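Visitor: Let me give you the structure first, and then I'll get to my questions.
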Amino acid sequence: MIVRDTLGAAALAAALLVPPPAAAADAARGASLAAPCAACHGADGNSTTPLVPSLAGQPPVFLTLQMVLFREGIRAVPAMNAAMEGITDRDVEDLAAHYAALPPHTDPPHADQPERDAAKAARGAALSVQHRCGVCHLPGYTGQNQMPRLAGQREDFLLHTMQDYQAQRRTGTDTTMNAALYGLSGQDLADLAHYLAIQR
């Protein structure tokens, strides 16, 4: 009941915050706006910067929602709040279209990414099934609507994000992840992050 109510509230908040598209988003125009983003998120949307997420292949609704949350100060990440200050709805939609169209790397994208650890991956896979990560994020962890792509994301970013959810530091529209990660140990989170990061 709590999860259903939380999901309903999140869906309503997303509907209110994300601007309805007035016209088809322009990925080419989004590419022209993305130059400042490349320094942290990578020229091709695949981040090589510690703790900075890859944006390539993320669902456009997820990208749009996050940018609006940053712009409105609802999600507090100072660098992103500053970057999104004054950005228009059209800019948001075009940037989202640009990054959604970029292909995520299909090989390990980070020089500092650890090699696949079979034991950690197996434990992470079991935890993912147990906690039904594939229901919202889809079986291939490619994300949908306001749920992000997890497959191939930076391992350090995934772990940091899950730790923030557990500690109630992650703000936004949806508290489902706080409940989903309840009771998991630090090792559990590390195993999940490793497993998801190596998915292609």
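The values are calculated or read from the model by the stated rules, or taken from the named source; none is laboratory data. The model shown is predicted, which means the values in this text are computed figures rather than measured ones. Cβ placement follows ideal geometry from the backbone for every residue including glycine, while neighbour counts extend to all protein chains displayed.
Visitor: For segment 97-131, which positions are of a type in the set (Lys, Arg) and either closer than 16 Å to Thr48 by Cα or modelled with pLDDT of 95 or more (or both)?
Guide: Once the filter is applied, which keeps residues that are of a type in the set (Lys, Arg) and either closer than 16 Å to Thr48 by Cα or modelled with pLDDT of 95 or more (or both), segment 97-131 yields Lys120, Arg123.
Visitor: I'd like to verify a number: residues in segment 131-149 that are farther than 18 Å from Pro103 by Cα, in contact with a helix residue (DSSP H, G or I) (Cβ under 8 Å, 6 or more places away or on another chain) and not in a loop (DSSP other than H, G, I, E, B), how many?
Guide: 3
Visitor: Also: Residue pairs, Cβ under 7 Å, 6 or more apart or interchain, first in segment 176-200 and closer than 17 Å to Tyr141 by Cβ, second aromatic (Phe, Trp, Tyr) and in a loop (DSSP other than H, G, I, E, B). List them.
Guide: Partner pairs satisfying both residue conditions: Leu196/Tyr141; Gln199/Tyr141.
Visitor: Looking only at segment 76-106, count how many residues are under 19 Å from Ala27 (Cα atoms), touching a residue at least 60 places away in the same chain (Cβ under 8 Å) and of a type in the set (Ser, Thr, Tyr).
Guide: Here the count works out to 1.
Visitor: Would you please name the residue that is farthest from Ile198 (Cα to Cα), looking only at residues in segment 155-185 that are of a type in the set (A, V, I, L, M) and not in a helix (DSSP H, G or I)?
Guide: Checking each candidate, the answer is Ala167.
Visitor: Can you tell me which residues in segment 45-73 are touching a residue at least 60 places away in the same chain (Cβ under 8 Å), assigned to a loop (DSSP other than H, G, I, E, B) and surrounded by 15 or more Cβ atoms within 10 Å (Cβ to Cβ)?
Guide: Listed by number, the residues that qualify are Asn46, Ser47, Thr48, Val52, Pro53, Ser54, Gly57, Gln58, Pro59.
Visitor: Sticking with this one: State yes or no: is Gly140 closer than 23 Å to Gly42 by Cβ and at pLDDT 95 or above?
Guide: Yes.
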